[in-house]
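The values are calculated or read from the model by the stated rules, or taken from the named source; none is laboratory data. Computed from a predicted model, the values in this text were never measured in an experiment. Heads up, the Cβs are rebuilt from the backbone with ideal geometry, glycines too, and the neighbour counts pull from every protein chain shown.
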Amino acid sequence: MSLELSLTGRIALVTGASRGIGRAVALALGRAGARVMVAAGTARARAEATASEVRAAGAEASVVTGDLAGVRTPEAYVAACRRAFGGLDILVNNAGIWEEAAIADVTPEALERTLAVNLKAALLLCRHAAPLLAASGAGRIVNVSSTASLLGEPLHSVYAASKGALDAMTRSLAVELGPSGITVNSVAPGWTATDMVEDELETEAGRALVASIPLRKIATAGDVALAVAFLASDWAGHINGVVLPVEGGYRLRR
């Protein structure tokens, strides 16, 4: 067995790849040798910038955009990957939205928006990608969840519900798709240094939160990307249906 994590010859589709964790994942997979479809909502320029960085790392990359809240977008993403690269070996469901709100302020519209992107789109992407992943012979699905699905925290009920459902979907599909040679796992980041949370981390409460993490720091997007790359590789060929926290011991602090 090779001790080098290599994805040479593999084809990956990464959603939400124009920034943050998704961008870091696209770069990590490209650096490991994968050809990468950089998928994003409407941020075409940022997605093209990510693709350029993947190419600079020596890998092929292409771009597809479209609002994942649309029911036809997941199928379009997979079709674009098939046209550009001829197949698919790795699906990374990273795209997600987070709208903090007290339960008294949650609206049906906010609930629908969050579930449409964080859960429904991921499920439909799995549905449309499954035949290509099965044909791969070593298909990988990695869902980017959150420690919000594992912990109770105020103001995160809608987001936590979407990510908890994503982890439940992961376990179900691991059993369903395993016989086709497809592994399905989740990576659950804790607080991660992205533009989604940078303002909150500058508050007194945010600084206290960081101080409560056993490692006394939050994850970088690269930390999460390395966990995704591991689960997408042959190193994780017999790991299926797990939720891998990447949070520096945050769950253990209480």
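Residue-wise test of (1) part of a loop (DSSP other than H, G, I, E, B); (2) under 20 Å from the mean Cα position of the chain (by Cα); (3) within 15 Å of MET169 (Cβ to Cβ).
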| position | (1), (2), (3) |
| --- | --- |
| ALA84 | no, no, no |
| VAL92 | no, yes, yes |
| ARG113 | no, yes, no |
| LEU123 | no, yes, yes |
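Condition (residue is surrounded by fewer than 18 Cβ atoms within 10 Å (Cβ to Cβ) and at pLDDT below 95) applied to the stretch 80-93: is it met by at least one residue? So far as the stretch 80-93 goes, no, none of its residues is surrounded by fewer than 18 Cβ atoms within 10 Å (Cβ to Cβ) and at pLDDT below 95. Could you tell me whether THR65 is at negative phi and in contact with a helix residue (DSSP H, G or I) (Cβ under 6 Å, 6 or more places away or on another chain)? So THR65 passes the test. Residues of the stretch 99-115 that are within 13 Å of ALA161 (Cβ to Cβ), surrounded by 11 or more Cβ atoms within 10 Å (Cβ to Cβ) and not charged (D, E, K, R): ALA101, VAL106, ALA110, LEU111, THR114, LEU115.
Here ALA28, ALA12, ALA24, ALA45 are screened, and the one residue that is part of a helix (DSSP H, G or I), more than 16 Å from GLY222 (Cβ to Cβ) and at pLDDT 95 or above is ALA45.
Whether a residue is under 29 Å from GLY137 (Cα atoms), of a type in the set (A, V, I, L, M) and surrounded by fewer than 17 Cβ atoms within 10 Å (Cβ to Cβ) was assessed, and ALA56 passes this test. The condition of being more than 20 Å from ALA225 (Cβ to Cβ), of a type outside the set (Lys, Arg) and in contact (Cβ under 8 Å) with a residue 24 or more places away in the chain holds for only one of ALA122, ALA104, ALA134, that being ALA134. Filter the stretch 126-155 down to the residues that are aliphatic (A, V, I, L, M) and under 12 Å from the mean Cα position of the chain (by Cα) and list them by number. Hits for the stretch 126-155 are ILE141, VAL142, VAL144.
For the condition without any contact (Cβ under 8 Å) to a residue 12 or more places away in the chain and closer than 19 Å to ALA148 by Cβ, ALA221 does not qualify.
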